[in-house]
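S.K.: Right, I'll just put the structure down here and ask away after.
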Amino acid sequence: MKSTDLASSLSEYAISISPKNLSNEVIQEAKRKFIDTIGCAIGAFDAKPVKISKKVAERVSSNYSATIFGTNIKTSVDLATFVNGAMIRYLDYNDTYLSKDPGHPSDNLSAVIAVGEAEESTGLDIITAAVVAYEIQCRLCDALAIRVKGWDHVTYGGVSSSLAVAKLMGLSIEKTAHALSLSLIASIAMRQTRSGQISMWKACAFSNAARNAVFACMLAKEGMTGPAPIFEGEEGFFKLVSGPISMNIEEFGGRGGKFKILETSIKYYPSEYHSQSAVEAAIELHKMLKGRFEEIDEVLIETFEASYKIIGSGKEKWEPKSRETADHSLPYCVSVALMDGTLNLDSFKEEKLRDPKLLSFMKKVKVIENPELTKLYPEAVPNTIKIKKKNGDILEKTIIYPKGYWKNPMNDEEIENKFKSLAQRVYSQDRINEILKVLWRLDKLTNIKELMEVLKL
């Protein structure tokens, strides 16, 4: 492969990053992300798509294996990546990066942890690989806007996860570039995953890209070559998917810039990230309403273009038939927060989706794009809610930086509390405390099997 192609340049960058490039701030933020991500996964332990995936995975054994979170089940490393990835993503509670395309960089961690276990990696090894995965995915989000072309952001996982996994496997730059190409060509995903009534596949889309990445790296390690140049080729990624782009790797973390993991945001509420500030505003308005919902004539949500297109438009957003559709519905999330004064995991139970009082209330909700708010995104995540009462009075609340956004971050205690609220569905309080102790010293672990052992039920 030519050293001038993007796949080779990204591979060279990924392999070059070592723990010495990571500041204490970056390592600490990585640990916070691992805690948040594993908490989200454990919270989804009994989710239906997870159970389905687990049934498939437990039929397979391998001498290159990894553990499914919270179990004694060991399966092939690629299938463990898939199941654990579905757990991470199912609740729509894991972290987010916002740019030309939004994404969830912690989706990469299922591959990082599974391969790290198989390779008997140290905690610092998997932190470094995770930082690389975050960096690559976020930089792709900065460079490419494939959502508007009908492609799903999980496509980036074919690149980011493959580079992180290749690093853990100790592949050469050349083999890493082949792994990237093999992974990406099999991971170009359609945006229909997040359109209309949303299915269980939403939880699995990135984990499938990560699974492809693991398999691609295994093949590349044994000498399999990939199509090249995968980005610049006559029928490559730039021509068929993204259009031409420019990426300056000298601006990446560890070179001239700051690592992007520091600009990723943790969710305070279990809903699509663009709704976070709207939910926060709705909770504040709930306090002002004092239960007098019968006085409301109309609820107007003013939002930005990405939010309107992804979660604020389409008939199904007012008639969600699945959890996946509901947590991607701005009118649903705001209505629940206004009526209940909170938005939590119980807000998406089947009986809540069918609540006639809630469905009736949602008919009063309108969503519009406000061009002034669009100008603020993605540096901010702005939403305004205006409640018009039947007597003509107006209640209004605007939130620009929701709690958990990287410019308004959750502190360590808040992240621990989120973890505890999710993990208590599976573990005792003593076990939760033990898991947290291991995670906070992740950078000191000599073998991450210690983490996998403490996660077992």
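Values in this text are rule-based calculations from the coordinates and carry no lab data. The structure displayed is predicted, hence computed values, not measured ones. Here the Cβ is made from the backbone with ideal geometry for all residues, glycine too, and neighbour counts use every protein chain on show.
S.K.: Could you give the size of the charge dipole of the chain about its Cα centre, using +1 on the Cβ of each K and R and -1 on the Cβ of each D and E, expressed in debye and rounded to the nearest 20? Numbers along the way, then the final one.
M.R.: Working: 60 positive and 59 negative charges, 203 e Å.
Charge dipole of the chain: 980 debye, to the nearest 20.
S.K.: Let me ask another. Measuring from centroid to centroid over Cα atoms, what is the spacing of segment 414-430 and segment 149-227 in Å?
M.R.: After rounding, the separation between the Cα centres reads 31 Å.
S.K.: For the peptides 258-264, 425-431, what is the packing order when you average, over each peptide's residues, the other Cβ atoms within 10 Å and list the highest mean first?
M.R.: Numbers: 258-264: 21.0, 425-431: 13.1.
The most tightly packed comes first, giving 258-264, 425-431.
S.K.: Sorted by packing (mean other beta-carbon atoms within 10 Å per residue), highest first, where do 243-252, 281-290 land?
M.R.: Values: 243-252: 13.1, 281-290: 17.0.
The peptides rank, most packed first, as 281-290, 243-252.
S.K.: Now for a separate question. Mind listing the phi-derived Karplus ³J(HN,Hα) values for segment 403-408, rounded to whole Hz, using 6.51, -1.76 and 1.60 with θ = phi - 60°, and x for any glycine or proline?
M.R.: Computed from phi, the couplings for segment 403-408 are 4, x, 4, 5, 8, 9 Hz.
S.K.: What share of the DSSP beta bridges in the chain is antiparallel, in percent to the nearest 5? Display every interim value, and only then the final one.
M.R.: Working: 18 of 24 bridges.
Among the beta bridges of the chain, antiparallel pairing accounts for roughly 75 percent.
S.K.: Tell me, in nm to one decimal, what length is gained between Asn391 and Lys449 on full extension, where the rule is 0.36 nm per residue of separation less the Cα-Cα distance?
M.R.: Numbers: separation 58, 0.36 × 58 = 20.88 nm, distance 6.28 nm.
Residue separation times 0.36 nm, minus the Cα-Cα distance, leaves 14.6 nm.
S.K.: Using Cα pairs closer than 8 Å and at least 6 residues apart in sequence, work out the relative contact order for the chain, in percent. Spell out each step's value before the answer.
M.R.: On the way: 916 pairs, mean separation 91.1, N = 457.
For the chain, the relative contact order is 20 percent.
S.K.: Toward the positive end of the charge dipole of the chain, about the Cα centre and with charges on Cβ (Lys, Arg +1; Asp, Glu -1), which of Ser16, Gly233, Ile42 goes farthest?
M.R.: Ranked along the dipole, the leading option is Ile42.
S.K.: Give me the net charge for the shell around Thr384: Cβ to Cβ below 9 angstrom, other residues only, Lys and Arg +1, Asp and Glu -1.
M.R.: Net of charged neighbours comes to 0.
S.K.: For segment 273-399, what relative contact order do you get, as a whole percent, if you take Cα pairs closer than 8 Å and at least 6 residues apart? Intermediate results must be reported in sequence, preceding the final value.
M.R.: On the way: 223 pairs, mean separation 53.8, N = 127.
Relative contact order comes out at 42 percent.
S.K.: Identify the residues of segment 376-404 with backbone N under 20 Å of a label point that sits 7 angstrom from the Cα of Glu25 along the Cα-to-Cβ direction, or state none.
M.R.: Flagged as within label range: 379-380, 404.
S.K.: So what are the radius of gyration and Dmax for the Cα set of segment 273-399, in Å?
M.R.: 13.4, 38
S.K.: Moving on to the next point. Under a Cβ-only charge scheme (Lys and Arg +1, Asp and Glu -1), can you give me the dipole magnitude of segment 273-399 about the Cα centre, in debye to the nearest 20? Could you put the intermediate results ahead of the total?
M.R.: On the way: 21 positive and 22 negative charges, 73 e Å.
Once rounded to the nearest 20, the dipole reads 360 debye.
S.K.: To the nearest 500 deg cm²/dmol, what mean residue ellipticity at 222 nm is calculated for the chain from DSSP H runs of n ≥ 4 alone, each contributing -39,500 (n - 2.57), summed and divided by the residues? Provide the component values of the computation, followed by the final result.
M.R.: Details: 19 runs with 217 residues, N = 457.
Computed mean residue ellipticity for the chain: -14500 deg cm²/dmol.
S.K.: Per-residue HN-Hα couplings for segment 440-451, Karplus 6.51 cos²θ - 1.76 cosθ + 1.60 at θ = phi - 60°, whole Hz, x for Gly and Pro?
M.R.: 5, 10, 4, 5, 9, 5, 7, 7, 6, 4, 4, 5
S.K.: Please list, in order along segment 302-314, the HN-Hα scalar couplings obtained from phi with the Karplus expression 6.51 cos²θ - 1.76 cosθ + 1.60 (θ = phi - 60°), rounded to whole Hz, x for Gly and Pro.
M.R.: Going residue by residue, I get 9, 9, 9, 3, 4, 5, 4, 5, 7, 10, x, 9, x Hz, with x marking Gly and Pro.
S.K.: What nm distance separates the two modelled labels at Asp297 and Asn411, each placed 7 Å from Cα along Cα→Cβ?
M.R.: Going by the 7 Å Cα→Cβ label model, 4.4 nm.
S.K.: By per-residue mean of other Cβ atoms within 10 Å, what is the highest-first order of 294-305, 348-359? Please list the in-between numbers first.
M.R.: Details: 294-305: 18.7, 348-359: 13.2.
For the peptides 294-305, 348-359, the packing ranking is 294-305, 348-359.
S.K.: Evaluate the charge dipole of segment 210-293 about its Cα centre and quote only its size in Debye, nearest 20, assuming +1 on the Cβ of each Lys and Arg and -1 on the Cβ of each Asp and Glu. Write out the running numbers ahead of the final one.
M.R.: Working: 10 positive and 10 negative charges, 120 e Å.
It comes to approximately 580 debye.
S.K.: Skipping prolines and chain starts, which residues have an amide H placed within reach, meaning under 5 Å, of the one on Val365, given they are 5 or more residues away or on another chain?
M.R.: Amide H neighbours of Val365: Val299.
S.K.: Continuing with this model, one more query. In segment 20-115, which GluC sites (Glu not before Pro) are in a loop and have at most 16 other Cβ atoms within 10 Å, using DSSP for the loop call? Walk me through the intermediate numbers first.
M.R.: On the way: sites: Glu25, Glu29, Glu58; in loops: Glu58.
Those satisfying the criteria are Glu58.
S.K.: Here is a further query. Report, in listed order, any pair from Lys352/Lys418; Lys33/Lys315; Lys267/Lys364; Lys149/Lys315; Lys317/Lys403 with a Cα-Cα distance greater than 30 Å.
M.R.: On the way: Lys352/Lys418 22 Å; Lys33/Lys315 35 Å; Lys267/Lys364 27 Å; Lys149/Lys315 22 Å; Lys317/Lys403 24 Å.
The answer is Lys33/Lys315.
S.K.: Using +1 at the C-beta of Lys and Arg and -1 at the C-beta of Asp and Glu, which of Ser335, Val148, Ile311 has the Cα lying farthest in the positive direction of the dipole of the chain?
M.R.: Ser335
S.K.: Hey, another quick one. For Leu457 and Ser172, what is the calculated FRET efficiency with R₀ set at 41 Å and r taken between the beta-carbons, to the nearest 0.05? Intermediate values should be presented prior to the final figure.
M.R.: Working: r = 39 Å, r/R0 = 0.95.
Computed FRET efficiency for Leu457 and Ser172 comes out at 0.55.
S.K.: Pairs of alpha-carbon atoms within less than 8 angstrom and 6+ residues apart define the contacts here; what relative contact order does segment 69-137 have, in percent? Working shown, then result.
M.R.: Numbers: 54 pairs, mean separation 20.3, N = 69.
This gives 29 percent for segment 69-137.
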